[in-house]
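Worksheet for the structure shown next.
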Amino acid sequence: MNMQALYCKNARSKGLLCFLLFMGTLTLFSCKEKKEPEEIVVDKVMDKPRTETQSMADENINGEMKWIGGARYTYSIERSADESLPKVENHDLEYYDNSVHLVIKRSDGTVFFDRSVTKKSLGDALPAEFRESGVLLGMNFEEASGNTVKYVVSVGSPDDSYDEFYYILMTINNYGNVSYSVHKNKRVG
C-alpha cells in the first residue's frame, strides 16, 4: 500500500490533509520578514527662468469723445514693445519697454494730435522706482472737458501676478500742449 492510500482512506482524512496544507502555506507566507517602506527622495525640478527678453502683446484701443462745443473727436491708442528703449528688469525677468502712440482726429478726419509717449516723456511725475523697474503698460481715455482732454498712463509690472502700477495723468489742451501730473489714484501695490 502506498503512502497516499494510507492518508486518503476516507473523506475525513482528505479534509484534514487539505486543512493542514492550507495552514502550512499560510504559516510560510505569514512568517516572512516585513519590508519597511523605502523612502524615495526626488529632487524638485525647478523651471529655469526664461533667459530671452519678454515683451507684452501689442494693444490697440479706438474710441470717440465729444469735446469743445460738442464736436466729435476720435482717438487711437497703440501700445507696442519698443526695442530701441532700454530693457527693464522686473521680478527677475527682462522686458522690452513699451511706447504708446496716441492719435486724436477731428470730426472731419484731420489730425489734431499725434505723438508717441515713453516713460521718459512722463518726466518727474513718475517716481524713480517705476522709471527703473516698471514697464509702460498702456494708456486709457479719462475725460474731455473745457479746453482739455485727459488720458491716464500706467507704468508698472507687466506680470499680472503682481499688482504694482503707477498712474500718470496726461493732459492735452486745445492747442496740443501736453503736461503730465500724478493721477489722483496714483499708486496700486
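None of the figures in this text is laboratory data; all of them are computed from the coordinates on show. None of the values given here were measured: they were computed from a predicted structure. Quick reminder, even Gly has a Cβ in these numbers, built from the backbone with ideal geometry, and neighbours come from all protein chains shown.
For Arg79, what is the net charge nearby, where nearby means another residue's Cβ is under 9 Å from its Cβ and Lys, Arg count +1, Asp, Glu -1? Can you show the working numbers first?
On the way: positive: none; negative: Asp58, Glu59, Glu78.
For residues surrounding Arg79, the net value is -3.
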Search the structure for amide H atoms under 5 Å from the amide H of Phe112, placed 1.01 Å from N in the peptide plane, and list their residues when 5 or more places away or on another chain.
Ile104, Lys105, Arg106
Pull out a ≥ b ≥ c, the square roots of the eigenvalues of the alpha-carbon gyration tensor of the range 67-189, then state rounded if a/c is under 1.5, prolate if not and a/b is larger than b/c, and oblate in the remaining case.
prolate
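Grab the beta carbon distance between Thr51 and Glu132, set R0 = 25 Å, and tell me the FRET efficiency rounded to 0.05. Don't skip to the answer; put the middle values down first.
On the way: r = 21 Å, r/R0 = 0.84.
Efficiency at R0 = 25 Å is approximately 0.75.
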Sites Ala71 and Ser116 - FRET efficiency at Förster radius 25 Å, r taken between beta-carbons, to 0.05
0.50
Cα-centre dipole for the range 77-166 with unit charges at Cβ (Lys and Arg positive, Asp and Glu negative), debye to 20:
620 debye
